[in-house]
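Engineer: This is the structure, below, for whatever I ask next.
Just so it is clear, none of the values below were taken in a lab; they were calculated from the coordinates. All of these numbers come straight from a predicted model, not from anything done at the bench. Note: ideal-geometry Cβ built from the backbone for every residue, glycine included; neighbour counts use all protein chains shown.
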Amino acid sequence: MTFSETGTTSDELTVVHVLRHGEVHNPQGVLYGRLPGYHLSDLGREMAERIAEHLADADITHLVSSPLERAQETAAPAAKLLGLPVTIDDRLIEAGNFFEGKTFGVGDGALYKPSVWVHLRNPLRPSWGEPYKEIATRMLAAVASARDAARGHEALCVSHQLPIWTARSAATDRRLWHDPRKRQCALASLTSFAYRGDELVSVSYEQPAQDLVPVRVGKKFVAGA
């Protein structure tokens, strides 16, 4: 699938919004990945409510989520407001990662151990987890399925930062390897794929909960943009 500035105007427009989940309660700072038991924080639930309000008037006819708790909890307010069931799609799950369940504290985190350095040998694949190409393939397939289920309307998919950014990069012909600090995929943000028929005509991004996203102030994080 490739990005195009123009589409087949005779075909109906379908928009698939891909939502990153809200903030997670994670006081230990673990890279939780696909681990079960990680739920939204109070702020994360507020983000989910904000997204539901933002999408209240959208023409969403299909709602799908990653199987992980934080994604389903983010989808729940929108499902309630829109009166839609939440379908689970395993293809929207977080990327697999060798460092799942580990911390990255300075001097005492996982990267301090020489035994794990072999997993850092190839950042282009990457060697520490699920290959970018595989992430892009499954994510774009999930987006295409949502498009097909919502023909002529809109769909909402709830997923995770790395899969969403990888899908966006692949769809817009960007390289898949990247600096994680430069991803444009904040908590509770929407990356939207617009199609004319089966042809992707635009990709857009917005942050309806931007004022709630924690930002670093000194050594602390506070809500606010």
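Engineer: Place the peptides 177-183, 82-88 in order of packing, highest mean first, counting for every residue the other Cβ atoms within 10 Å and averaging per peptide.
Structural biologist: On the way: 177-183: 10.4, 82-88: 13.9.
Packing proxy ranking, top to bottom: 82-88, 177-183.
Engineer: Averaging over every viewing direction, what projected area does the convex hull of the Cα atoms of the stretch 18-57 cover, in nm²?
Structural biologist: Numbers: hull surface 13.5 nm².
So the Cα hull casts an average projection of 3.4 nm².
Engineer: Set the Förster radius R0 to 41 Å, insert the Cβ-Cβ distance between Asp42 and Asp198 as r into 1/(1 + (r/R0)^6), and round the FRET efficiency to 0.05. Write out the running numbers ahead of the final one.
Structural biologist: Numbers: r = 41 Å, r/R0 = 1.00.
Once the sixth-power term is evaluated, E becomes 0.50.
Engineer: What distance in nm separates the two pseudo spin-label positions at Ile88 and Glu134, each 7 Å out from Cα along the beta-carbon direction?
Structural biologist: 2.1 nm
Engineer: Can you give the FRET efficiency for Asp179 and Asp11, using 1/(1 + (r/R0)^6), R0 = 30 Å, r = Cβ-Cβ distance, to the nearest 0.05?
Structural biologist: 0.25
Engineer: Which residues' amide hydrogens lie under 5 Å from the amide hydrogen of Thr87, considering only partners 5 or more residues apart or on another chain, with H built in the peptide plane?
Structural biologist: The list, which skips near neighbours in sequence, is Leu63, Val64, Ser65.
Engineer: Tabulate in residue order the Karplus-calculated ³J(HN,Hα) for the stretch 15-24, using 6.51 cos²θ - 1.76 cosθ + 1.60 with θ = phi - 60°, rounded to whole Hz; enter x for Gly and Pro.
Structural biologist: Those phi angles translate into 10, 10, 8, 10, 9, 7, 4, x, 4, 9 Hz.
Engineer: Measuring from label point to label point, each 7 Å out along Cα→Cβ, what is the Val215 to Lys80 span in nm?
Structural biologist: Spacing of the two 7 Å Cα→Cβ label points: 3.0 nm.
Engineer: Mind ordering 23-35, 69-81 by average Cβ neighbours within 10 Å, highest first?
Structural biologist: Working: 23-35: 14.9, 69-81: 21.0.
Most protected by this proxy first, the peptides run 69-81, 23-35.
Engineer: Go through 200-209, 152-161 and give me the packing order, highest mean Cβ count within 10 Å leading.
Structural biologist: On the way: 200-209: 17.3, 152-161: 23.2.
The most tightly packed comes first, giving 152-161, 200-209.
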